[in-house]
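Heads up, the thing below is written out as structure tokens.
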Amino acid sequence: MRAYCFIGERGEVPLFLGNPTAGEVELGIGIRGMEPGWEHWSDEEWAAWYATTPSESDVMAMAGRWSIDPTTINDAAVATAGIHGLPPSASGECGHRPTSHWL
């Protein structure tokens, strides 16, 4: 099982379960959680860590590897409503913050 959540507004990774997927490793994103001693990191260590956090475009690229990259959908060609929302089991901050990125 793999779960990852990055809250960019606070620079936190409150959820990091399992090993990074091959796609994450290949893209170099989502591969580091909050490691021991982070509170004493230098600016260079923070910059190296932050470089591994996903942007919105990274999240869309991962979605494309798994199924469909939403940015490639032509909105004008969509004729029916889709499914959206959170499953009933979603809880916690990562399940409720629209700016959090899941990989």
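The values are calculated or read from the model by the stated rules, or taken from the named source; none is laboratory data. None of these values were measured; they are calculated from a predicted model. So basically every Cβ, Gly included, is an ideal-geometry build from the backbone, and we count neighbours across all protein chains shown. Please note that ligands, DNA and RNA were not included when accessible areas were found on the heavy atoms of the full protein model with its side chains. Shrake-Rupley method; radii C 1.70, N 1.55, O 1.52, S 1.80 Å.
Things worth noting here:
- Some residue of the range 42-56 being of a type in the set (F, W, Y) and at pLDDT below 85: no
- Among residues of the range 40-73, those that are of a type in the set (S, T, N, Q) and either part of a helix (DSSP H, G or I) or touching a Ser or Thr at 6+ places or on another chain (Cβ under 9 Å) (or both), counted: 3
- When the residues of the range 1-31 are filtered to those that are of a type in the set (G, A, S) and in a loop (DSSP other than H, G, I, E, B), the one that is farthest from E56 (Cα to Cα) is G18.
- Any hit, the range 32-39, residues being at pLDDT 90 or above, open to solvent by less than 70 Å² (accessible area, probe 1.4 Å) and not in a loop (DSSP other than H, G, I, E, B): no
- Condition check for S67: closer than 26 Å to V25 by Cβ, modelled with pLDDT under 60 and not aliphatic (A, V, I, L, M): no
- When the criteria are applied in full, T72 fails the requirement of being of a type outside the set (D, E), modelled with pLDDT under 90 and surrounded by fewer than 10 Cβ atoms within 10 Å (Cβ to Cβ).
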